[in-house]
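Every number here is computed from the coordinates shown, using simple stated rules; none is lab data. Since this is a predicted model, take the numbers as computed values, not measurements. With ideal geometry, Cβ positions are generated from the backbone for all residues, glycine too; neighbour counts draw on all protein chains shown.
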Amino acid sequence: MLLDAINSPADLKRLAPEQLPELAGEIRTFLVEKLSVTGGHLASNLGVVELTLALHYLYDSPKDKIIFDVGHQGYVHKILTGRKDRFDTLRQKGGLSGFLKRGESEHDVWEAGHSSTSLSAAMGMAIARDLKGERHKVIAVIGDGSLTGGMALEALNHIGHEKRDLTVVLNDNEMSIAPNVGALHNYLGRIRADRHYRRAKDEIDQLLRKIPAIGSTLARTAERLKDSLKYMLVPGMLFEEFGLTYFGPVDGHDIFQLLDTFRQADKVSGPVLIHVVTVKGKGYTPAEQDSHKWHGITPYKVESGQVLKPVGPPTYTEVFGKTLIELAERDPRIVAITPAMPGGSGLLEFRDRFPDRMFDVGIAEQHAATLASALAMEGLKPVFAVYSTFLQRAYDQVVHDICRQNLNVVFAIDRAGFVGADGETHQGLFDIAFLRHIPNMVLMMPKDENELRRMMVTAIQYDNGPIAYRYPRAQGTGVPWDPDPRPIPIGTWETELEGRHAAVLAVGPMVHTALQAADQLKREGISIRVVNARFIKPLDERMLDRLARERLPLLVLEEGSLLGGLGSAVLEYYAQTGQHHVRVQLMGVPDRFIEHGSIPEQREETGLTADNVAARLRSALMLARQAAK
């Protein structure tokens, strides 16, 4: 096999161009077989095999900077840069990251788990190259979905203004994580339909140059005529107006056409955009037929494409989606908003049931947040369904447009806490810290799926400003659902287990961890009170005061950042109220990024296990006894 001998881009360059299609087939087989065991981003990587081969065959990585947007399309790059022997460890603890990672390889010159960043990075690297007097190439690969992100358009504007040598490769597969939406998507569709773009443009230029009567005095008139003809005949004018020379559309699975186009583009000074049309899931029938399902996939059977899913209760995401439909059937004010994640956020059924009340805005979290604020201002009940990690991208809009105006936007924050194999870029560990300090915000997290339903009712009935509920990437606990869930009084906690020696204030999945620890200690004669601290903001001040009067040692337990989390809020309250005698210990996620692995492994790594909670409580009780002597 050709792939056996490929351990670096230098090995790839030893092949004849005629051998590259055979290598592309071997890489597809490799990906389908390896990801059937580990899971991962399959469809997007199958779509960029020839494109990645062409880039590494023609350019000299890492001297030439090849920058991939997001990293969903980086597996072929990893294979070609010496990491194919580690693919059995993909997305596993201590193994290969599912995204590009600078610490893994010198060829990973940029790492990102959020889209639309590659063009800004490329512009920065091109400026640095020129200031240092270097001569290497800078190539940014961006998907058509990522191009809808506002940051990408900001970068295009700057790239066209600077006029530096830089190549943008637009990987157009008509599909990001979900079907793309918006005017830009429709514009690209028109370009795909016109295969004669380059020829038309060249013929116009040649025709104008051959008109003998046009001298230097009439050049400006000719130029204006040329522009008018371009607008009539050339659908790629948008990118040219940004200041980039446009090439394409190019068949992204024709390796020879790709190589030829890249060579032509290299002869042009200034920024160029190469429009490459690919098929997501190319070469594996199940992935081609349903590229949404096969974007990020769990282990599966290669022959049938059957996905191996765990059995058991529905996920929190599924509970959210079904409950939102129930609520929307009774309340016509409810509308749902998602930034290109209708499937991941559990909104596909809602979209089918209420197509006029569902808004997928594309990869545009900032727009989604401000859109929600205006809808709320006009009396609707917008539910902004967003992953914790992606809500970070809309921080200014949450502060400025929603909370400052005290608008009744509902935030449904999915993937809160550890996310497992997606790792550092997707961990939902920071939303508590960046939301709870914003005035007017209410923030809560359920202990189980039925409590999530109650929180959803609470949020819809709440009329005093923004309110958020966060929930994990996990199956539910299997508890029965209340057919008519009741709202929860704002700012109230509940005692899950009575105890007289110490108390644990736990939130979300950590409530169950605390109960397990309490059960361990009960066998030792230690009685632990477990409190479901379901409101992170506002706190249950009555309960905090009661615990202070009882002088119980407290342990605050959360699956989120220790800095600025629930524990910080509890300490702040006792400091502000002068109750300095209360002994409070904190357990949460330390001040570092947590890499990929399973969720149980990530909890073990950070000490958020029942055994560690029990050990910390023993230590707290020992310190309390010593202080009492």
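Structure summary
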quantity: Ranked packing of 14-26, 350-362, most packed first, by mean Cβ within 10 Å; calculated: 350-362, 14-26
quantity: The range 325-393 - percent relative contact order, Cα under 8 Å, separation 6 or more; calculated: 40
quantity: Extension gain (nm, one decimal) between residue 306 and residue 396, 0.36 nm per residue minus Cα-Cα; calculated: 28.2 nm
quantity: Peptides 547-557, 34-44 ordered by average Cβ neighbours within 10 Å, highest first; calculated: 34-44, 547-557
quantity: Rounded to 10°, Cα long-axis angle of helix 219-233 versus longest principal axis of the chain; calculated: 60
quantity: Shape category assigned to the range 494-628 from the gyration tensor of Cα positions, a/c cut at 1.5; calculated: oblate
quantity: Contour minus Cα-Cα distance for residue 523 and residue 10 (0.36 nm per residue); calculated: 178.4 nm
quantity: For the range 320-336, 3J(HN,Hα) per residue [Karplus equation, 6.51 cos²θ - 1.76 cosθ + 1.60, θ = phi - 60°, Hz, x = Gly/Pro]; calculated: 4, x, 5, 5, 5, 5, 4, 5, 5, 5, 9, 10, x, 6, 6, 10, 10
quantity: Listed peptides 387-396, 68-77 by packing density, highest first (mean Cβ within 10 Å); calculated: 68-77, 387-396
quantity: Sites residue 541 and residue 512, calculated FRET efficiency, Cβ-Cβ separation with R0 25 Å, nearest 0.05; calculated: 0.50
quantity: Extension gain, residue 437 back to residue 331 (0.36 nm per residue minus Cα-Cα distance, nm); calculated: 35.1 nm
quantity: Helix axis angle, 49-58 relative to the chain longest principal axis, alpha carbon, degrees; calculated: 60
quantity: Viscosity 1.567 mPa s, temperature 4 °C, Stokes-Einstein D of the range 316-470 from Kirkwood C-alpha radius, µm²/s; calculated: 86
quantity: Degrees between helix 255-266 axis and first principal axis of the chain (Cα, 0 to 90, nearest 10); calculated: 80
quantity: Links that overshoot a 27 Å alpha carbon limit, given the list 13/93; 65/267; 63/293; 63/163; 13/293; calculated: 13/93; 63/293; 13/293
quantity: Theoretical ellipticity at 222 nm over the chain - DSSP helices of four or more residues, -39500 (n - 2.57) apiece, nearest 500; calculated: -11500 deg cm²/dmol
quantity: Among (1) -0.22, -0.88, -1.25; (2) -0.24, -1.02, -1.50; (3) -0.27, -0.95, -1.23, the entry derived from the coordinates for log10 I(q)/I(0) by the Debye sum over Cα atoms at q = 0.05, 0.10, 0.12 Å⁻¹; calculated: (3)
quantity: Within-11-Å neighbourhood charge of residue 369 [Cβ basis; K, R +1; D, E -1]; calculated: -2
